[in-house]
Amino acid sequence: MSLNSHNDRFIHDLTLIVGAAHVRTGESAQAFHTDERNRYHQAPLAVVLPSSIEEVAQLVRLCSAQQPPIAVIPQGGNTGVVGGCAVLTERTSILLNLSRLNRIIAIDPTNRTLTAQAGVTLEMVQQAASAHGLIFPLTLASQSSATIGGNLATNAGGTQVLCYGTMRDLCLGLEVVLPSGDIWQNLNTLRKNNTGYDLKHLFIGAEGTLGLITAAVLKLFPAPKETQVALISATDVTGIVNSFDALQRQFDSQLTAFEYITPAALKLVCAQFGWDLPFPDENSHIALVEISSATSHAQLETVLHTQLSLLIEHATLTNALLAQNLNQAAHFWRLRENISAAQKRVGQNVKHDISVPISSISAFVDSTYSALEQAHPGIESIVFGHIGDGNLHFNVSRGHAFSDAEALMAHESNINAIVYKQVAHFNGSISAEHGIGLLKRDLMINIKSPVELMLMQQIKQTLDPLNIMNPNKVIPNTIISLEG
């Protein structure tokens, strides 16, 4: 290898740390820096795949020692959708892929904890927990490739936040490589530890801008003995929300999932996969309900049947189907889980991962529909999501408003503005579970107060004065002044 240039020398130094086979450049690096939605394509100087925390720390120290410092962009399974791992043109950087940190370090069934390195996939964690009769409750469509490090960096949610919370709630301890190259090792397995600042919360949801998560201690839970799944239908979203309220009052923590699907989303997924609509009325708003319990199946089914019958009797619901076996329950879940795949088949969508208060969901959906239709007559909204935590995937397709996907995407900024204006009106969030990344970074100026942005910038400056950790993500570049 020629060491004539600074970059060549730097790449040579990378190989001394991780080995030449684990430093990728050129075509061998391309798969790593093309994102899930094919939006970002810029290549890094190199893709580096360390196998230990010590190698990660050495790499960070090497990057910070360069003149000028080289940025470190962390990557897990590359399943993110907001450009959190996007390589920027204005800064020389390496993409630090943590997939080789893929070891489950320990499982303590009695303490109900699992300690895993950041590159372990979500599916691996679930399988390891299952072997001990336990569950790790986070579930995602991408769980076979999404990694624990990435889940923590984005504070991932999923379908069971209603019962178990987000990744922030599911984590007890972290191991982090700081921008200085120092290692903060706090793989704490305690549920009570009231000794000062709980620093792990700085790094969870920070998308790698403050440090690199290399391992974590996760909470495990007893596996439910019995689960009952049902589909319910209503004439509008209000009926669905009111049903959620009634079922949560009845079942409390036994209500483990409540997934909303609009008529347009249901018709799309059934058409694309060749499935029959579950209810006669094709304009039904539906929800998937999951109840989990330690009691017998017959008892659980009986109570759920009684509650759904009452909701139908009171005209809150129009119909309900209780899964009669595991295959039917799995099919009900497929209706919900394949909506994104169905959308991908029919072309591009303008996607939004938003949240609003549960009590505002009905008004938000109706007013956003109206605002979009007024601006672009014939446009189609494909909406689905997690009613139990107020998180909706409010995706917009061309419908009859635009001739093709290119015409739709030409209006992406306008469509985003309409949706986010409604989100703000209902005191919601523009990112419920996907993160901010590069895609939504500049929107932070409009949704965060000057004080919040100032605090975020001060934390970033304190921990990462050289700005090498995933720079220009999450925090907008505009300097915030409380006086100006």
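Every read-out reported here was derived from the displayed coordinates using simple, explicitly stated rules and does not represent laboratory data. This one's a predicted model, so the numbers in the text were calculated from it and none came from an experiment. Every residue, glycine as well, gets a Cβ built from its backbone with ideal geometry; the counts of neighbours run over all protein chains shown.
Values for this structure:
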quantity	calculated
Of Leu304, Ile339, Ala315, farthest towards positive along the dipole that unit charges on Lys, Arg, Asp, Glu beta carbons give region 273-355	Ile339
Positive-end extreme of charge dipole, the chain - chosen from Ser233, Leu455, Ser362 (charges on Cβ)	Leu455
Computed [θ] at 222 nm, deg cm²/dmol, the chain (DSSP H ≥ 4; -39,500 (n - 2.57); rounded to nearest 500)	-10000 deg cm²/dmol
Amide proton proximity set for Gly84, modelled H, under 5 Å, gap of 5+	Leu438
Whether region 226-339 is rounded, prolate or oblate, judged on the alpha carbon gyration tensor where a/c under 1.5 counts as rounded	oblate
Å³ per residue enclosed by the Cα convex hull of region 6-97	91
Semi-axis lengths, Å, region 100-255, gyration tensor of Cα atoms, sqrt of 5 times eigenvalues	31, 18, 15
³J(HN,Hα) computed for each position of region 237-250 - Karplus, 6.51 cos²θ - 1.76 cosθ + 1.60, integer Hz, glycine/proline x	5, 4, x, 5, 5, 5, 5, 4, 4, 5, 6, 5, 4, 6
Degrees, to the nearest 10: 53-65 long Cα axis against longest axis of the chain	60
Calculated from backbone phi, Karplus (6.51, -1.76, 1.60) coupling profile of region 118-131 in Hz, x at Gly/Pro	5, x, 5, 6, 4, 5, 4, 5, 4, 5, 5, 5, 4, 5
Packing rank of 463-470, 276-283, where each peptide gets the mean count of other beta carbons within 10 Å, highest leading	463-470, 276-283
Among Asn427, Gln117, Leu152 - extreme Cα towards positive end, dipole of the chain, charges at beta-carbon	Gln117
Nearest 10 degrees, 0 to 90: helix 412-425 Cα axis against the chain principal axis	70
Lys, Arg +1 and Asp, Glu -1 on Cβ, resulting dipole of region 331-384 about Cα centre, debye, nearest 20	300
Rounded, prolate or oblate (a/c below 1.5 giving rounded, otherwise prolate when a/b exceeds b/c) for region 333-448 by Cα gyration tensor	rounded
Computed magnitude of the charge dipole of the chain (debye, nearest 20; Cβ of K, R +1, Cβ of D, E -1)	820
Net charge contributed by nearby residues that have their C-beta within less than 13 Å of Gln307 (K/R +1, D/E -1)	-3
Charged-residue dipole, Cβ positions (Lys, Arg, Asp, Glu), region 58-140 about Cα centre, Debye nearest 20	160
Folded to 0 to 90 degrees: helix 6-18 orientation relative to the chain principal axis, Cα	70
Region 24-76-region 161-223 distance, computed between alpha-carbon centres (Å)	23
